[in-house]
Amino acid sequence: MTSLGGRAFHGRQVFKWLHLRGVTDPKAMTDLPSALRSSLEALGMASVAKVALERRALDDTRKLLVELAGGATVETVLIPNVTKGTSNLPSPVPVEDADAAAADDDDDIDDPLPRAEIARVTQCISTQVGCAMGCVFCASGVAGLKRHLGADEIVGQVLLGRSRLDPHEQLRNVVYMGMGEPLHNYDAVARSLRLLTHPEGIGLSSRRVTVSTSGLVPEIERLGADFAGQIGLAISLHAADDETRTKLMPINKKYPLAKLMDALRAYPLPKRRRITIEYTLVAGRNDGTAEAKKVARLLRGLPVKINLIPMNPIDASTLGPPDLSGVLSFQQTLCDAGYSCFIRRRRGDEVSAACGQLALLGAKPKVRVNRS
């Protein structure tokens, strides 16, 4: 601001206009001097992203196709909370929405409306155009990695999502579980975390932000050190032995389970916080009772909760989910072993917004992901 003829405190005012209010037009920044507004306008300030398409499911889950500068697109999803216990699974099966991957505690947010009138929304955001990890049950990486997103483009998704909320909705959680491997784009993700949690901007509690990873061990250690464990951590596990996990997730060749478990044990979790374990159930690959017992042994002693995700279909794969009885048996085995284990509620299925379904628009697969 000083280089434009303004004063240092004007930087804080502009930051609030951009991040707190989502305003990018300098003419609307009415508390700035007119000469400074003109200078900002000359810089060409503009939104870094726009919504090219919005699809809304019957449960009010919304998938936004976000167009970035240069025409690249990513997808982000808005997921309203639903009444606890509402599920297509027989009661009393424990189920959770996507926001279950965020913090366990609910008491650190000021709600501007009475709680009964608020629909809390979780936003699932992307960090890359495509993905390099090649997990066989996920559409995001089918065409490979095209490019990283900048921190501005990551935060821009949240600003767009917030602008699309209904009047009774409140952005509650942000989960880095969209397209891309967040920790593969570490510097931009770390900067976006600082921006999203900045008290004079969007102001999300760090307890309400979760970063998911397929298991990049050095970056898990870096995330823990840089944010003192305050950012929620979710691990895409999907198998409890190296042979099976490598077939499903090629990253396991570089960072096998022993190294990953050491990194999780060293992660500086605050008291009463848990690591979320994401486990996609793929029929005939990782869904048997023996596999569930392996998971129980592998995670013993770690403060975790486990989300089971029956695989959602993707066009590039012949793989699919097990039947319900198999899902329930897997869950029961883990519950009997003393774990908090939930079945992830399917949300936004009819608009291809469910877990693992986010894909590059019009991209052709590099390979058909139906490996044995």
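Matching residues to (1) crowded, with 16+ Cβ neighbours inside 10 Å; (2) under 30 Å from GLY144 (Cα atoms); (3) modelled with pLDDT under 95; (4) over 22 Å from the mean Cα position of the chain (by Cα):
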position	(1), (2), (3), (4)
ASP242	no, yes, no, yes
ARG245	yes, yes, no, no
ALA263	yes, yes, no, no
TYR267	yes, yes, no, no
ARG272	no, no, yes, no
THR280	yes, yes, yes, no
GLY284	no, yes, yes, yes
ARG297	no, no, no, yes
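What's the number of the condition ILE79 fails, among (1) in the same structural domain as SER140 (by TED's automatic domain parsing); (2) in contact with a helix residue (DSSP H, G or I) (Cβ under 8 Å, 6 or more places away or on another chain); (3) more than 30 Å from LEU324 (Cα to Cα)?
Looking at each condition in turn, ILE79 falls short on (3).
Can you confirm whether ILE314 is among the aliphatic types (A, V, I, L, M), modelled with pLDDT of 95 or more and buried (at least 19 other Cβ atoms within 10 Å of the Cβ)?
Details: among the aliphatic types (A, V, I, L, M): yes; modelled with pLDDT of 95 or more: no; buried (at least 19 other Cβ atoms within 10 Å of the Cβ): yes.
So ILE314 fails the test.
Here's the yes/no breakdown for (1) modelled with pLDDT under 95; (2) within 10 Å of the chain's Cα centre (by Cα); (3) of a type in the set (Val, Ile, Thr):
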residue: HIS168; (1), (2), (3): yes, no, no
residue: ASN173; (1), (2), (3): no, yes, no
residue: GLY178; (1), (2), (3): yes, yes, no
residue: HIS184; (1), (2), (3): no, no, no
residue: VAL189; (1), (2), (3): no, no, yes
residue: ARG194; (1), (2), (3): no, no, no
residue: THR197; (1), (2), (3): no, no, yes
residue: VAL211; (1), (2), (3): no, yes, yes
residue: GLY215; (1), (2), (3): no, no, no
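Please count how many residues of the stretch 188-208 are over 18 Å from GLY229 (Cβ atoms) and without any contact (Cβ under 8 Å) to a residue 12 or more places away in the chain.
Residues flagged as over 18 Å from GLY229 (Cβ atoms) and without any contact (Cβ under 8 Å) to a residue 12 or more places away in the chain within the stretch 188-208 amount to 1.
If you scan the stretch 13-55, which residues turn out to be assigned by TED's automatic domain parsing to the domain that holds ARG345, buried (at least 16 other Cβ atoms within 10 Å of the Cβ) and of a type in the set (D, E, K, R)?
Scanning the stretch 13-55 gives a single hit, ARG55.
Would you mind finding the one in ASP106, ASP31, ASP111 that is part of a loop (DSSP other than H, G, I, E, B), out of contact with any Pro (no Cβ under 9 Å at 6 or more places or on another chain), over 30 Å from ALA239 (Cβ atoms) and at pLDDT 90 or above? Lay out the reasoning, then the answer.
On the way: ASP106 fails: at pLDDT 90 or above; ASP111 fails: at pLDDT 90 or above.
Among ASP106, ASP31, ASP111, only ASP31 is part of a loop (DSSP other than H, G, I, E, B), out of contact with any Pro (no Cβ under 9 Å at 6 or more places or on another chain), over 30 Å from ALA239 (Cβ atoms) and at pLDDT 90 or above.
Which residues, counting only those in the stretch 247-261, are of a type in the set (Phe, Trp, Tyr) and over 23 Å from the mean Cα position of the chain (by Cα)? It would help to see each step written out before you state the result.
Taking the stretch 247-261 and keeping what is of a type in the set (Phe, Trp, Tyr), we get 255.
Hits for the stretch 247-261: nothing passes.
Cβ-Cβ below 9 Å, separation at least six or inter-chain, first residue in the stretch 1-23 and in contact (Cβ under 8 Å) with a residue 12 or more places away in the chain and farther than 15 Å from ALA42 by Cα, second assigned to a helix (DSSP H, G or I) and among the basic types (Lys, Arg): which pairs?
GLY22/ARG162
Look through GLY338, GLY326, GLY301 and report the one residue that is assigned by TED's automatic domain parsing to the domain that holds ARG55, part of a helix (DSSP H, G or I), farther than 30 Å from VAL129 by Cβ and modelled with pLDDT of 60 or more.
Values: GLY338 fails: part of a helix (DSSP H, G or I); GLY301 fails: part of a helix (DSSP H, G or I).
Only one candidate qualifies: GLY326.
The values are calculated or read from the model by the stated rules, or taken from the named source; none is laboratory data. The shown structure was predicted, so the numbers you read here are calculated from the model rather than taken from an experiment. Every residue, glycine as well, gets a Cβ built from its backbone with ideal geometry; the counts of neighbours run over all protein chains shown.
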